[in-house]
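This report refers to the structure that appears directly beneath it.
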Amino acid sequence: MSFDLVLFGGTGDLAWRKLMPALFQAFRHGSLPEGRIIGVARDDHSDEAYRELIRTRFEEVEGAKRPNAQEFEKFAQMLYFVRLDLSKPEDYARLKQKLDAGHADTVVMYLATAPALFTTACEQLGAAGLATPRTRIVLEKPLGHDLASNRAINEAVRKVFAEEQIFRIDHYLGKPSVQNLFALRFGNALFEPLWRREYIANIQITIAEDLGVEKRGAFYDTTGALRDMVQNHALQLLCAIGMEPPINASADAIRDEKLKVLRSLKAWTPDDLERHAVRGQYTAGTAYGQRVPGYREEPGVDPDSRTETFVALRTEIENWRWAGVPFYIRTGKRLASRDARIEVNFRPTPHPIYRTPQGCANQLAISLQPKDGLELHLLAEGQDGRRTRRSSSTGEQTLAPVQLDLDFDKRFGSERVGAYERLLLDVIDGRLNLFVRSDEQEAAWRWVEPILEAWQTGRPRGYAAGTWGPSAASAMIARDGFCWSEEA
């Protein structure tokens, strides 16, 4: 099978930071089919100039993902460039000539552009005869800024492409840890019987970033953490945790179950929004031992901005499996460390006969970044086997926390497939399992919109850069008798 991958925004930040390194890793691993990678943008580059641009950009990629000179020389033979203005039909005609000359079995159109340009690009692709049965289109997040804009984009795209040709990408679904969450639940008999309200006390999802908005201040100030992280990444992770076992591993079977979770999320009331939705905005503080500015002092940010850089939410899935189990979501920028994880906290033993450390219970921790792995936290007898007598006839044994740790870097090493690499190969192969369907997106926006509306007034709570966010987030979870993990 041969392919052409047309990368709209081929000179942009996403292209060289994520997509090109992922495509190179697939090339290095021998899993990338024969084909061409065609960058398109308004820049005026020859093929050779574009290859040189990508070569210099690779110098900024982390060492393990950086090609040596010989590797890049071979990879560069796949790289081409077409100058294209998204609004000019004649430029699409030139792209069509390039694609027709290649006769590829599959053509992937990857829109690594601002979502506002998706509609124009799709309309022009259709008018130029580039939306053929062999074409697949990839849409990056965020897909709209609310439910109405999301529907408008999806309707415009569906006028040109069938649903099975549309790949709405969420790179968190391609992470090895998320893949192994599915394997853990649906490929083993051990956990699924315990994956329910009778055995689980609460579930926490943390996506923490220690960096600020960097050079994305203007973009971020119109987006915020709720749109940027919760509506897509965090809710997709929640679906992976909360979904029922699908009838098979087909794309629609999996996405049907995720949709049921989104539709079962507890609806927001004014009281819930007051008690269970916390927004924050970082102020000046310390990161990496250095003083860093507050959000409103960042380049491109409105000095009077009310955009949230931190969100903490409490919700429930209102069905028989999960009734009464709180799900906590926390995400933010300029937090104490870079750490993304899912923590499944099990209930304590119903009748304790051992002495255990305060607050200790079984926990399954799924680490997403900076490492990928699974940790199972258990209790075991201490090495010295000490006992403390309660009476002449009853002994009390002391247990200590231990953990089983599966580090995917150590276990699989160079065989590991990164998130974007996995997803790009899936697009080329036409596998939709790890991509989001339009009705999933609409259900997620429908759940998030009451929060957006409530936050149109008032200001976010301030928190110092380098901390774990506003104290109100800790107070929110403490009202249920729980706390955020100290490891996170």
Exercise. Considering only DSSP beta bridges whose two residues both sit in the chain, what percent are antiparallel, to the nearest 5?
Worked result: 55
For this session: First measure r as the distance between the Cβ atoms of ASP44 and GLN290, then evaluate 1/(1 + (r/R0)^6) with R0 = 56 Å and state the FRET efficiency to the nearest 0.05.
Result: 0.90
Seminar exercise, completed: Expressed as a percent, the accessible surface of the chain that is carbon or sulfur, using a 1.4 Å probe and the full set of protein chains, is 49
Problem set entry | Signed unit charges on C-beta, dipole axis of the chain, positive-most listed residue ALA251, LEU404, PHE435 | LEU404
Exercise. Taking θ as phi - 60°, what are the ³J(HN,Hα) couplings along region 449-461 by the Karplus curve (6.51, -1.76, 1.60), each to the nearest whole Hz, with x for Gly and Pro?
Worked result: 4, x, 5, 4, 5, 5, 8, 5, 10, x, 10, x, 6
Problem set entry | Degrees between helix 47-58 axis and first principal axis of the chain (Cα, 0 to 90, nearest 10) | 20
Exercise. At a Förster distance of 45 Å, what's the computed FRET efficiency of ALA253 paired with ALA69, Cβ-Cβ distance as r, to 0.05?
Worked result: 0.45
Exercise. What area, in nm² and to one decimal, does the C-alpha convex hull of the chain cast on average over all directions?
Worked result: 26.1
For this session: Kindly provide the trypsin sites (Lys or Arg not before Pro) of region 72-148 that DSSP labels as loop, not H, G, I, E or B, and whose Cβ sees at most 15 other Cβ atoms within 10 Å.
Result: ARG134
Exercise. Any idea what Rg and Dmax come out to for region 62-109 if you just take the C-alpha atoms, in Å?
Worked result: 14.9, 41
For this session: In debye, nearest 20, what is the charge dipole magnitude of region 25-142 about its Cα centre with +1 on Lys and Arg Cβ and -1 on Asp and Glu Cβ, if you could check?
Result: 260
Problem set entry | Degrees between helix 176-186 axis and first principal axis of the chain (Cα, 0 to 90, nearest 10) | 60
Problem set entry | Whole-number accessible area per residue in Å² for region 7-63, which is evaluated in the context of all protein chains at 1.4 Å | 46
Problem set entry | Convex hull volume of region 244-386 per residue (C-alpha atoms, cubic angstrom) | 237
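With +1 assigned to the C-beta of every Lys and Arg and -1 to the C-beta of every Asp and Glu, and no other charges, what is the dipole magnitude of the chain about the Cα centre in debye, to the nearest 20? Intermediate results must be reported in sequence, preceding the final value.
Values: 64 positive and 68 negative charges, 186 e Å.
I would put it at about 900 debye.
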For this session: Report, largest value first, the span of the C-alpha coordinates of region 22-125 along each principal axis, in whole Å.
Result: 39, 28, 24
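The values are calculated or read from the model by the stated rules, or taken from the named source; none is laboratory data. Everything numeric in this text was worked out from a predicted model, so none of it was measured. Here the Cβ is made from the backbone with ideal geometry for all residues, glycine too, and neighbour counts use every protein chain on show. Surface accessibility is based on the protein's heavy atoms, side chains included, excluding ligands, DNA and RNA. Shrake-Rupley method; radii C 1.70, N 1.55, O 1.52, S 1.80 Å.
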